[in-house]
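Chemist: Would you mind keeping the following structure in view while I ask a few things?
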Amino acid sequence: MADVTLEALADEQRSFPPSPEFVANALVTDSSMHDLAAADPEAFWAAQARELLHWDRDFTTTCEWDLPFAKWFTDGQLNVSYNCLDRHVDAGHGDQIAFRWEGEPGDSRDITYAELLAEVSRTANALKELGVVKGDRVAIYMGMVLELPVAMLACARIGAAHSVVFGGFTADSLRDRINDAQAKVLVTGDGAWRRGGIVELKQIADEAMAETPSIEHCLVLRRTEQEVAMQTGRDVWWHDIVPTQSTECAPESMNAEDLLFILYTSGTTGHPKGIMHTTGGYLTQVAFTFKYVFDIHPDTDVFWCTADCGWVTGHSYIVYGPLANRATSVMYEGTPDYPAKDRFWSVVEKYGVTILYTAPTAIRTFRKWGSEFPAGHDLSSLRLLGSVGEPINPEAWIWYSEHIGTNRCPVVDTWWQTETGAIMISPLPGATVAKPGSATFPLPGIGADIVNDDGNAVGIPGGGYLTLTRPWPSMLRGIWGDPDRYRETYWSRFDGRYFAGDGAKRDADGYFWLLGRVDDIMLVAGHNISTTEVESALVSHPAVAEAAVVGKTDDTTGQAIAAFVILRAGHDPSDALVAELRDHVGHAIGPIAKPKSILFTEDLPKTRSGKIMRRLLRNVAEDEALGDVTTLADPSVVDGIKGRYLTTASDED
Ligand code: 7RM
């Protein structure tokens, strides 16, 4: 990590107040909730916990803070699946659709709350039959089929913790995660559809299970229907054991601090971190943020989060947040470009999606493909748009607002992490005046601040390290099996504060701007320059779809900026364009931020959840070995860039 404080350079000041039409029906339209929470954050969260959830036993303490360990609502008891299913059915909403599922090949299925409750109960009984008891861990390795949330909720129902492993991970990754958590059962499928082809889930799972002694049984869903090997005694078909179970399965009353799930995040060293989330605090903040950030009206909204359930975004905003709020959600199995580049927009039109939550990487890709794809569909059902996963470049924000939101829909840029469990910094869409590229303000009840190297608050305006100043209900409770790493990673850099690893600044109006991971900050001639600001300046040029910049060792300036640029449809690489882009950045930010070299590329190295991996580009720029590439979505991308970088990247000046 660079031992520096960030000097923020660019200052974006366009502002977008919510439209009067949106405000007319919004849940929050002023600062009263922020004010209430600021007066007594703990009392605020206690009130939310009681208002949003059903507690089998009420809690008497709100937050116990023994830094860095926090407990919320400790003596309260509740069940997550009861809160997501039974209470809605009991209240007469059994016929409401919970998920409108769209398969990649074009098949589809609606499932009501009553049907989902029955399916979850049967699956919970099946897991019990396979020997799962309260306190066990269950690994889940599936594509985006309805049975994936069903399996998660079935675990929650019986008090087993789930560990969902993204269905695109390798056998080695799956094996390591199963072994770290000592999972007893693995739930998987024969295969998953991906762009018309089959991901051989069971075959990969078999390879993993060759070295996972803790696994006693593997429950296998039939989806793609190719032949798979089934090991007698260990492997069981879903359709043989689930449908025959009883639909009665009493939800286990859990303590608020019982483990709900483990979710692995890669981290900088090879060994993945098992981030732990517990029951009461997690569900409280997830339910709260889902309701107010997305302004949910459960009787009329159709919500669609395009993430995969293998990421925290899928846990919190496909499964637990929507179901706790009795929302109707779309769940989609496939990719945005299959069978054609308008698939997302045909899904929005088909289901009348009102709220869309997606990632900047997708938005930049849609902008690159061209506005004719969304323009060919009726998107008038949309009323609110969200973004998560990376900083959203102002230009991409504006494109999203114009071409998807047709200038009617507020955009909420939501900052949070696997570790935070739920959204932390975000507009409240009916109350906050947005600025494109800014996540705006911490949500009610959240304490965030920006500090310098010495841990002192930098004030307003100012840039530095983003920290969280007090515990929040859905904060991680630790790293599975490694309390020292937990303390070291998050709580040792700044005394008494959680360090998120992100750089940020506040502008003169106090708006928060996320500036990228601090490990990526560049030091050019004594100036600390954020990757986000230079990339956003590049993306604001009409020829540029996407950009990634890194610092490369330089004899005169210490580091020089090396840029990797993807062009939009209809633009071609040329030396003239290189010069134009360098000038463009110079005008937008200042001469110091001009990239020294620019390489045009078709692709950038990204994680499987779509985040640009600048570390690998840095290695390319420095002509170094690549190091760990296990989290890379497509390893061939870096080799391609590397080959071309070494032969064509011209250092200017
Ligand atoms: C939800 C998720 C966390 C990291 C985080 C940031 C980056 C996420 C935003 C963002 C700027 C945003 N969890 N990040 N959202 N940066 N603006 N709205 O992505 O654990 O996978 O990643 O993602 O660097 O620390 S995550």
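Chemist: Which one of these is of a type in the set (A, V, I, L, M) and closer than 28 Å to Trp399 by Cβ: Val458, Val433? I'd like the intermediate steps shown before the answer.
Modeler: Details: Val458 fails: closer than 28 Å to Trp399 by Cβ.
After applying the criteria, what remains is Val433.
Chemist: Cβ-Cβ below 7 Å, separation at least six or inter-chain, first residue in the stretch 38-64 and part of a loop (DSSP other than H, G, I, E, B), second exposed (fewer than 15 other Cβ atoms within 10 Å of the Cβ): which pairs?
Modeler: Asp56/Ser253; Phe59/Asp75; Thr60/Asp75; Thr61/Asp75
Chemist: Follow-up question, since we're still on this one. Name the residues in the stretch 540-587 that are among the polar types (S, T, N, Q) and in contact with a His (Cβ under 8 Å, 6 or more places away or on another chain), would you? Before the answer, list the steps.
Modeler: Initially, the stretch 540-587 is screened for residues among the polar types (S, T, N, Q), giving 540, 553, 556-557, 559, 574.
Matches in the stretch 540-587: Ser540 only.
Chemist: Which of the strands (runs of 3 or more DSSP E) contained wholly in the stretch 496-556 include at least 3 residues that are surrounded by 20 or more Cβ atoms within 10 Å (Cβ to Cβ) and in contact (Cβ under 8 Å) with a residue 60 or more places away in the chain?
Modeler: Working: elements: 498-506, 512-517, 522-524, 527-529, 544-554.
Per the criteria, 498-506, 512-517, 544-554.
Chemist: Give me a count of the residues in the stretch 338-378 that are within 21 Å of the chain's Cα centre (by Cα) and surrounded by fewer than 16 Cβ atoms within 10 Å (Cβ to Cβ).
Modeler: The total comes to 0.
Chemist: Mind listing whichever residues of the stretch 332-361 are of a type in the set (Ser, Thr, Tyr), within 16 Å of the ligand (Cβ to nearest atom) and touching a helix residue (DSSP H, G or I) at 6+ places or on another chain (Cβ under 9 Å)? Talk me through it step by step, then tell me what you get.
Modeler: Taking the stretch 332-361 and keeping what is of a type in the set (Ser, Thr, Tyr), we get 332, 335, 338, 346, 351, 354, 357-358, 361.
Cutting the leftovers down to within 16 Å of the ligand (Cβ to nearest atom) gives us 357-358, 361.
Listed by number, the residues that qualify are Tyr357, Thr358.
Chemist: Any chance you could count how many residues in the stretch 370-397 are within 16 Å of the ligand (Cβ to nearest atom) and not polar (S, T, N, Q)?
Modeler: First, the residues of the stretch 370-397 that are within 16 Å of the ligand (Cβ to nearest atom): 384-397.
When the remaining residues are screened for being not polar (S, T, N, Q), the result is 384-386, 388-392, 394-397.
Counting residues in the stretch 370-397 that are within 16 Å of the ligand (Cβ to nearest atom) and not polar (S, T, N, Q) gives 12.
Chemist: Here are the criteria: (1) out of contact with any His (no Cβ under 6 Å at 6 or more places or on another chain); (2) farther than 22 Å from Ser609 by Cβ; (3) away from the ligand (no atom under 12 Å from the Cβ). Tell me which single one Pro427 does not satisfy.
Modeler: Failing condition for Pro427: (3).
Chemist: Filter the stretch 499-515 down to the residues that are within 17 Å of Glu390 (Cα to Cα) and out of contact with any Lys or Arg (no Cβ under 8 Å at 6 or more places or on another chain), then identify the one that is farthest from the ligand (Cβ to nearest atom).
Modeler: Ranking the qualifying residues of the stretch 499-515, first place goes to Lys505.
Chemist: In the stretch 256-278, is there at least one residue being surrounded by fewer than 22 Cβ atoms within 10 Å (Cβ to Cβ) and of a type in the set (D, E, K, R)?
Modeler: yes
Chemist: Which residues, counting only those in the stretch 401-419, are within 9 Å of the ligand (Cβ to nearest atom) and surrounded by fewer than 23 Cβ atoms within 10 Å (Cβ to Cβ)?
Modeler: Gln417, Thr418
Chemist: While we're on this one: Looking at Pro436, Pro429, Pro471, Pro444, can you tell me which residue is buried (at least 21 other Cβ atoms within 10 Å of the Cβ), touching a Lys or Arg at 6+ places or on another chain (Cβ under 7 Å) and part of a loop (DSSP other than H, G, I, E, B)? I'd like the intermediate steps shown before the answer.
Modeler: On the way: Pro429 fails: touching a Lys or Arg at 6+ places or on another chain (Cβ under 7 Å); Pro471 fails: touching a Lys or Arg at 6+ places or on another chain (Cβ under 7 Å); Pro444 fails: touching a Lys or Arg at 6+ places or on another chain (Cβ under 7 Å).
After ruling out the rest, the residue left standing is Pro436.
Chemist: For Arg364, are the conditions met, namely being within 16 Å of the ligand (Cβ to nearest atom) and basic (Lys, Arg)?
Modeler: On the way: within 16 Å of the ligand (Cβ to nearest atom): yes; basic (Lys, Arg): yes.
Yes.
Chemist: Of everything in the stretch 165-189 that's polar (S, T, N, Q) and surrounded by 20 or more Cβ atoms within 10 Å (Cβ to Cβ), which residue is modelled with the highest pLDDT?
Modeler: Taking the stretch 165-189 as the starting set, the residues that turn out to be polar (S, T, N, Q) are 170, 173, 179, 182, 188.
Checking which are surrounded by 20 or more Cβ atoms within 10 Å (Cβ to Cβ) leaves us with 173, 188.
Values: Ser173: 95, Thr188: 98.
Among those that are polar (S, T, N, Q) and surrounded by 20 or more Cβ atoms within 10 Å (Cβ to Cβ), it is Thr188.
Chemist: Of the residues Gly421, Gly405, which single one is touching a strand residue (DSSP E or B) at 6+ places or on another chain (Cβ under 6 Å) and closer than 16 Å to Val353 by Cα? Don't jump to the end; show me each part of the working.
Modeler: Values: Gly421 fails: closer than 16 Å to Val353 by Cα.
None of the other options fit; the residue is Gly405.
Chemist: Could you identify the single residue in Leu219, Leu148 that is surrounded by 24 or more Cβ atoms within 10 Å (Cβ to Cβ) and in a strand (DSSP E or B)? Talk me through it step by step, then tell me what you get.
Modeler: Values: Leu148 fails: in a strand (DSSP E or B).
Result: Leu219 is the single residue among Leu219, Leu148 that is surrounded by 24 or more Cβ atoms within 10 Å (Cβ to Cβ) and in a strand (DSSP E or B).
Chemist: In the stretch 97-125, what residues are of a type in the set (A, V, I, L, M, F, W, C) and in contact with a Pro (Cβ under 9 Å, 6 or more places away or on another chain)? Let's see the steps before the verdict.
Modeler: So in the stretch 97-125, the residues of a type in the set (A, V, I, L, M, F, W, C) come out as 97-99, 101, 111, 114, 116-118, 120, 124.
Ala98, Phe99, Leu116, Val120, Ala124, listed by residue number.
Chemist: Looking at (1) surrounded by fewer than 18 Cβ atoms within 10 Å (Cβ to Cβ); (2) in a strand (DSSP E or B); (3) in contact (Cβ under 8 Å) with a residue 40 or more places away in the chain, which one does Asp75 not meet, given that it meets all the others?
Modeler: The one condition Asp75 does not meet is (2).
Chemist: Now for a different question. Within the stretch 236-255, how many residues are in contact (Cβ under 8 Å) with a residue 24 or more places away in the chain, of a type outside the set (A, V, I, L, M) and surrounded by 12 or more Cβ atoms within 10 Å (Cβ to Cβ)?
Modeler: Looking only at that region, the number is 8.
Chemist: Tell me which residues, restricted to the stretch 372-393, are closer than 16 Å to Pro360 by Cα, in a loop (DSSP other than H, G, I, E, B) and among the polar types (S, T, N, Q).
Modeler: Of everything in the stretch 372-393, just one residue is closer than 16 Å to Pro360 by Cα, in a loop (DSSP other than H, G, I, E, B) and among the polar types (S, T, N, Q), namely Asn393.
Chemist: Only one of (1) at positive phi; (2) within 16 Å of the ligand (Cβ to nearest atom) is not met by Asp295, so which one is it?
Modeler: (2)
Chemist: Kindly indicate whether any position in the stretch 456-470 is among the hydrophobic types (A, V, I, L, M, F, W, C), more than 21 Å from Phe44 (Cβ to Cβ), within 11 Å of the ligand (Cβ to nearest atom) and touching a residue at least 60 places away in the same chain (Cβ under 8 Å).
Modeler: Taking the stretch 456-470 as the starting set, the residues that turn out to be among the hydrophobic types (A, V, I, L, M, F, W, C) are 457-458, 460, 466, 468.
Those left that are additionally more than 21 Å from Phe44 (Cβ to Cβ): 457-458, 460, 466.
Checking the rest, the ones that are also within 11 Å of the ligand (Cβ to nearest atom) come to 466.
Next, only the ones that are touching a residue at least 60 places away in the same chain (Cβ under 8 Å) stay: none.
Looking through the stretch 456-470, none of the residues is among the hydrophobic types (A, V, I, L, M, F, W, C), more than 21 Å from Phe44 (Cβ to Cβ), within 11 Å of the ligand (Cβ to nearest atom) and touching a residue at least 60 places away in the same chain (Cβ under 8 Å).
Chemist: Can you spot a residue in the stretch 521-541 that is of a type outside the set (A, V, I, L, M, F, W, C), farther than 12 Å from Glu390 by Cβ and within 15 Å of the ligand (Cβ to nearest atom)? Step through it out loud before you land on a result.
Modeler: Initial filter on the stretch 521-541 (of a type outside the set (A, V, I, L, M, F, W, C)): 526-528, 530-533, 535-536, 540-541.
Add one more test, that the residue is farther than 12 Å from Glu390 by Cβ, and what stays is 526-528, 530, 533, 540-541.
Subsequent filtering for residues that are within 15 Å of the ligand (Cβ to nearest atom) retains 530, 533.
Yes, the stretch 521-541 contains at least one residue that is of a type outside the set (A, V, I, L, M, F, W, C), farther than 12 Å from Glu390 by Cβ and within 15 Å of the ligand (Cβ to nearest atom).
The values are calculated or read from the model by the stated rules, or taken from the named source; none is laboratory data. This one's a predicted model, so the numbers in the text were calculated from it and none came from an experiment. Using ideal geometry, Cβ is built from the backbone for each residue, glycine included, and neighbour counts are taken over all protein chains shown.
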